[in-house]
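To keep things clear, I will list the structure first and then write my remarks on it.
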Amino acid sequence: MLDELRHTAARVESDIAGGPIVPCVTPEAIRRHLAANFDFSKPLALDDVIPEVESMLRQWQVQVTHPRYFGLFNPSVTVASIAGDLLTALYNPQLAAWRTAPAANEIERHTLKWLAAKFGLPAGAAANFTSGGGEANLSAVVVALTQAFPEFGEGGVRGIAAAPALYLTGGAHHGFLKTVRMTGLGRQALRYVATDGNLKMDVADLARQVKADREAGLAPFMVVATAGTTAAGAIDPLPEIARFCRLENLWFHVDAAWGGAAVLSPRLKTHLAGIGEADSITCDAHKWFSVPMGAGMFFCRHPDSVSRAFDSEISFMPGSTESGQDPYTTTTQWSRRFIGLKLFMALAEQGESGYREMIEHQTRMGDVLRQSLRDAGWRIVNDTPLPLVCFTREGLVAPRFLAALYKRQIAWMSSVELDGGEPVLRACVTSFRTTERDIEWVVGEMARIVEEEG
Ligand SMILES: Cc1ncc(COP(=O)(O)O)c(C=O)c1O
């Protein structure tokens, strides 16, 4: 099985690296194709279906595992992690209860415990895999509410006397907007804190706002610090925020969805100092740990609050055992896929040292990209140790530039508006396969676009 998987993975990798990155297709063309070939009226041979599906995926998607995909954090994936997903599908373990899937549950717990220790969380911290960072952040808000307001579990937000308030910067992930809607807090619960010149949370402004909100009768309960903002890779000042939260009795959540993997790098981990003080942490394995989607992780130093937030025992489920609580009673999900196997397999195969190399390679490629862009006359507008570069130049019209970049199949990058400014270009080294040559070639081709199209 492994030989065949390696062979297939190598074929796909080479096909993708040698082909286009950005698709050119209309929804109508795909719908016509599907209607013509898959009306489900008669069975088809799987031998025919698989190449057909592969052909669609090959042509009609942004190839996020391409070494010149510099996008939002969708990684290239390792063979070990693909094997993990394959084994998960083959055995289809049900992780809702420990008894149904003892091996799978223990593999997940073992993996999470290892990573929790890397973050500096205490041995008894709770942790579970999630579908992604969005679910992990939702878990954090629900648990924080449960701990801050004992009446929340019974009465919901309407049972809380004062309006709860949650503090974050404009660079925090936009998914928090969904979270406050889903939890019934509403958009007004989000209190946006000012940032400094490097887009990091301004703790003095945080303190001012918390004080003013308390005086106005609100109930501040949580601060969300981001360790690697999506747009610019900014890392909020975690030690100062931790100190402030402790003093003010506020829940300290760190959204390290993509930046969290930096704890495995001796070179980078100093930038995450303070993360071990967090009440809860979000980190996605399907970002910088380079495993297939979806694999998020939620860590929390208060297992009792987690249990209270998600407690839901019922007679039709197998009863709990001496193994500890069942995941369906401590997490947002009920039926639970074996999400963690792909990370376990990748860690087992590469070891910590392999991960360190992979993360530091991408970090170096980020430095190479930053320097090559500077040398080519671009202006770098963000400041982060992570491999994410935001840049611009005089007269740049970002949408026009990106259209030319895509049309020539040079690379995939995006544009962002930092702090409400003009759109700038954003390139993140998301693939462990990206080389210095890829970067130099891309920057050279970008110079040609500037020359030829302005
Ligand atoms: C900082 C941060 N938090 C949360 C998320 C959401 O994670 P997911 O897409 O896995 O739900 C992202 C996604 O890019 C992110 O960058």
Summing +1 for each Lys or Arg and -1 for each Asp or Glu, what net charge is found among the other residues whose Cβ lies under 12 Å from the Cβ of V210? 0
Around G156, which amide H atoms from residues at least 5 apart in sequence, or from another chain, sit under 5 Å from its own amide H, with H modelled in the peptide plane? none
If each K or R counts +1 and each D or E counts -1, the residues other than E52 whose Cβ falls under 14 Å of its Cβ total -3
Arranged from highest to lowest average of other beta-carbon atoms within 10 Å per residue, in what order do the peptides 346-354, 5-13 appear? 346-354, 5-13
Largest first and to the nearest Å, give the Cα extent of the range 138-279 along each principal axis. 47, 27, 26
Phi-derived 3J(HN,Hα) across the range 15-25 with the Karplus relation (6.51, -1.76, 1.60, θ = phi - 60°), rounded Hz, x for Gly and Pro, is 4, 5, 4, x, x, x, 9, 10, x, 10, 7
Report the FRET efficiency, 1/(1 + (r/R0)^6), for H110 and S41, where r is their Cβ-Cβ distance and R0 is 51 Å, rounded to 0.05. 0.60
Here the net charge surrounding W378, from other residues whose Cβ is less than 13 Å away from its Cβ (Lys, Arg +1; Asp, Glu -1), is +3
Order of 363-375, 14-26, 65-77 by packing, highest average Cβ count within 10 Å first? 65-77, 363-375, 14-26
Sites R437 and D48, calculated FRET efficiency, Cβ-Cβ separation with R0 45 Å, nearest 0.05: 0.70
Quick one: if you take sqrt(5λ) for each eigenvalue of the C-alpha gyration tensor of the chain, what semi-axes come out, biggest first, whole angstrom? 36, 31, 21
Send over a whole-number figure in Å² for the accessible area per residue of the range 1-68, probe 1.4 Å. 71
Please give the length that would be gained between D419 and E352 if that part of the chain were fully extended, namely 0.36 nm times their separation in residues minus their C-alpha to C-alpha distance (nm, one decimal). 20.5 nm
Find the accessible area per residue for the range 159-280; the probe is 1.4 Å, ligands and nucleic acids are left out, and the unit is Å². 40
Fraction of accessible area attributable to carbon and sulfur, the chain (%, probe 1.4 Å): 54
For the range 333-394: accessible area per residue (Å², 1.4 Å): 41
Would you calculate, for the chain, the mean residue ellipticity at 222 nm contributed by helices, counting each DSSP H stretch of 4 or more residues as -39,500 (n - 2.57) and dividing by all residues, to the nearest 500? -14000 deg cm²/dmol
With just the Cα atoms defining each centre, how far is the range 263-327 from the range 152-227? Give it in Å. 22
Please give the peptides 284-292, 99-107, 393-401 ranked by average Cβ packing (other Cβ atoms within 10 Å per residue), highest first, as a rough proxy for protection. 284-292, 99-107, 393-401
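The values are calculated or read from the model by the stated rules, or taken from the named source; none is laboratory data. Bear in mind the structure is a predicted one, so any value in this text is a computation, not a measurement. Note: ideal-geometry Cβ built from the backbone for every residue, glycine included; neighbour counts use all protein chains shown. In case anyone asks, the SASA skips ligands and DNA or RNA and just uses the protein heavy atoms, side chains included. Shrake-Rupley method; radii C 1.70, N 1.55, O 1.52, S 1.80 Å.
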